[in-house]
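Presented below is the structure to which this report refers.
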Amino acid sequence: MKELRIESVTKRYGSVKALDRVELTINPAELIVVMGPSGCGKTTLLLVILGALTPDEGHIRIGEEIDQIPVEERNIGYVPQDFGLFPHLIVYENIAFGLKVRKYPEVKIRERVNELMNTVNLEGLERRKPKELSSGQKQRVALARALATDPYVLLLDEPLSNIDEATKAEVRTNLKTIQKKSRITTICVTHNPDDAFHLVERIAIMHSGKIIQCDTPQSILENPKNETVKKLIAPMYVLWNNKETAT
């Protein structure tokens with residue numbers, strides 16, 4: 001378990017600040033959501049942590065400063081919005097991919113893949129290709145692949161955006177369960193307040209490249225920091241009021 005610290009990170013594209021002195025600490029084994037509208041800098045933040053982008057200012061620390069460590073040596077799991085599965089590989093091969101790249105012994109690969117298949121409830125689907133899977137199953141394969149090398153940190157980019165509404169509640173529950181089992185420090189980004197408020201105990205609200213409030217869902221609803229936060233979480237007020245009325 002590792003603490004992830006984002007310290008005054010700034011990333012510019014020309015005159016535009018995609019990230020503007022972002023400060024955020026994610027506790028060991030915590031699942032936190034960074035929520036904000038499209039274009040606010042959420043994915044850029046993930047890519048800076050991953051090492052695919054270099055910040056113009058600030059530092060990323062996972063126990064120690066990792067700014068100069070290349071992406072392939074950071075040991076960070078990353079699940080992109082489209083899941084990033086290899087369409088020509090079966091489920092087993094997708095999950096095993098990172099282990100094979102790192103030249104794990106075949107026996108260890110088989111043990112680890114079987115363990116993860118059990119963790120994410122994919123037993124019996126080893127031979128299927130991605131096109132034969134539901135969206136929820138694809139997500140679980142992508143999670144298993146990201147977890148295979150025991151990363152220090154897991155990054156999830158809009159993990160629920162490609163999930164149909166009928167199965168979203170189940171997928172959210174599965175995601176939380178898998179994260180708790182793995183106990184990996186995890187950042188999930190989303191534009192959807194409903195997903196954010198049902199996933200985690202702490203939400204970082206992002207707007208225009210800045211974290212403008214970070215707190216529990218209840219505290220954010222009861223004490224939004226400013227009008228921008230109020231507008232971003234507006235869809236949740238009806239659900240919150242209904243919950244209060246019911247109790």
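FRET efficiency for the residue 81 to residue 167 pair, using the beta carbon distance and R₀ = 25 Å, is estimated at 0.90.
Counting only alpha carbon atoms, the long axis of helix 106-119 and the longest principal axis of the chain meet at about 40°. The order of 62, 69, 76, going from fewest to most other C-beta atoms within 10 Å of their C-beta, is 69, 62, 76.
Most simply put, the chain has about 55% antiparallel DSSP beta bridges, counting only bridges with both residues inside it. Cβ-to-Cβ counts within 10 Å put 127, 5 in ascending order as 127, 5, the fewest first. Counting only residues at least eight positions apart within a chain, or on another chain, the aspartates and glutamates with an alpha carbon under 17 Å from that of residue 230 are 194, 195, 215, 222.
Look at the dipole of the chain built from charges on Cβ: of 60, 97, 1, the Cα furthest out on the positive end belongs to 97.
Helix 91-101 and the longest principal axis of the Cα set of the chain meet at an angle near 90°.
Panel order for 59, 191, by other beta carbons found within 10 Å of each beta carbon, from fewest to most: 59, 191.
In a reduced charge model with +1 at each Lys and Arg Cβ and -1 at each Asp and Glu Cβ, the chain shows a dipole moment near 400 debye about its Cα centre.
Taking amide H positions as modeled 1.01 Å from N, with prolines and chain starts lacking one, the residues under 5 Å from residue 57 and 5 or more places away or on another chain are 10.
Farthest toward the positive end of the dipole of the chain, out of 171, 45, 130, is the Cα of 130, where the dipole comes from beta carbon charges about the Cα centre.
Extending 7 Å from Cα along the Cβ direction at residue 149 and again at residue 88 yields two label points whose distance is 2.1 nm. For helix 135-147, what angle does its Cα long axis make with the longest principal axis of the chain, in degrees from 0 to 90 and rounded to 10? The answer is roughly 80 degrees. Put a plus charge on the Cβ of each Lys and Arg, a minus charge on the Cβ of each Asp and Glu, and nothing anywhere else: the dipole of the stretch 16-92 about its Cα centre is then about 260 debye. Using the structure shown, select from 2/181; 11/42; 138/168; 168/231 the pairs with a Cα to Cα distance greater than 22 angstrom. Among 2/181; 11/42; 138/168; 168/231, the Cα-Cα distance tops 22 Å for 168/231.
None of the figures in this text is laboratory data; all of them are computed from the coordinates on show. Please read all numbers here as calculations on a predicted model, not as lab measurements. So basically every Cβ, Gly included, is an ideal-geometry build from the backbone, and we count neighbours across all protein chains shown.
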